[in-house]
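Notes for the one structure printed next.
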Ligand SMILES: Nc1ncnc2c1ncn2[C@@H]1O[C@H](COP(=O)(O)OP(=O)(O)OP(=O)(O)O)[C@@H](O)[C@H]1O
Ligand SMILES: [Mg+2]
């Protein structure tokens, strides 16, 4: 093979690599730096960089300068090591290798690296899930322990109320105790419901039926008054493999929130459609959108609305959306929210469906 083609090929190969590549000569001058390396390091591409000293090129990343500088000193070079870049917070995984010629003379060193930030984030999510599971277990235990004494308080206050039927002053106090105990009990039940691991009763489920029933349930909880509920859910949508009752709860919770946000005015729109979700047309999602033209969610709280116990309502428990997310996750679906103060709020749920005839290849 002619030498020029050779060089060209190797140059193209390094440029196209999906790893960051940074190679230096024995004197520390940069010989090669590819596009991915520029991207990961957050440096601007500059044709004049080869020929500069690496410590100058990497002056914003002193931690990486140290790694490169060690190349000619260490007897065992790091392989698959990790480093958090102080300047950007990015985590990189790297391998450092000496470049030797055929007579084993060291000509330079090469750093191959990858951005591991996304991997790190996935691990963080995993850790968070474990933590939530542990927290859930504790909450379940406490809730369980509190349930019995609460029931006793309610029963005994009821007995006392009957025994003191002639004491009007005591009657009011006892009614208060009973009501508060009832409220505490409702919260305990909700917590228990939330922390219980979900077990899906999966069946062929038609979303149009789910929406129909959810509207009835939501209206029972929040009076609709002058709110328009406008539904377009085609009856011939493919069915999904899902838990009918849990999906009803998802739509009911979202509708309750919308009705509460609207306060008896405005409109809720419910739309559903199929959307192919992979390039080979083998899988599809049903996308369900629930929009309201209410006050919207202020930007600074959108990150927290799915957190358990986050609420802006005086009587809210803040579990509505946490439960929604949990059920959607259990169906391997996704949920997204788009909201801007003044223009309203749209929740979009994507649930996987199988496309008959396209699967089973
Ligand atoms: N459609 C919406 N429009 C405006 N704000 C919303 C909407 N949906 C949710 N929110 C905001 O998100 C918060 C959390 O909602 P979530 O359903 O989890 O709890 P909640 O409605 O406050 O209480 P709960 O549902 O337990 O009775 C709400 O308090 C509200 O601030
Ligand atoms: Mg709610």
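Read-outs throughout are calculated quantities, based only on the coordinates presented, and are distinct from any laboratory measurement. Just so it is clear, the structure is predicted and the values come from calculations on it, not from any experiment. Note that we place each Cβ from the backbone using ideal geometry, even for glycine, and neighbour counts take in every protein chain shown.
Here are some notes:
- Helix 320-330 and the long axis of the chain differ in direction by around 60°, with both axes built from C-alpha atoms.
- Tilt relative to the chain, helix 244-262 - C-alpha long axis, 0 to 90 degrees, to 10: 80 degrees
- Expressed in units of 2.2 N^0.38 Å, where N is the residue count, the Cα radius of gyration of region 3-115 is 1.03.
- Between the C-alpha center of region 301-358 and that of region 14-38 there is a gap of 44 Å.
- In plain terms, the C-alpha convex hull of the chain casts an average shadow of 30.0 nm² when viewed from every direction.
- Angle between the chain longest axis and helix 117-163 axis [Cα atoms, degrees, rounded to 10]: 10 degrees
- Considering only alpha-carbon pairs that sit under 8 angstrom and 6 or more positions apart, the relative contact order computed for the chain is 10 percent.
- The alpha carbons of region 120-195 occupy a box of 67, 17, 13 Å along the principal axes, longest dimension given first.
- Computed over the Cα atoms of region 141-253, the ratio of the radius of gyration to the Kirkwood radius (Rg/Rh) comes to 1.17.
- For region 201-311, the antiparallel share of DSSP beta bridges with both residues in that region comes to about 70%.
- Euclidean distance between Cα centres, region 156-197 to region 84-154, Å: 45 Å
- When each of the peptides 298-307, 65-74 is scored by how many other beta carbons lie within 10 Å of its residues on average, the order from highest to lowest is 65-74, 298-307.
- Most mobile listed residue (33, 215, 256) in the chain, GNM with C-alpha springs under 10 Å: 33
- Counting only the Cα atoms, region 240-347 fills a convex hull of 114 Å³ per residue.
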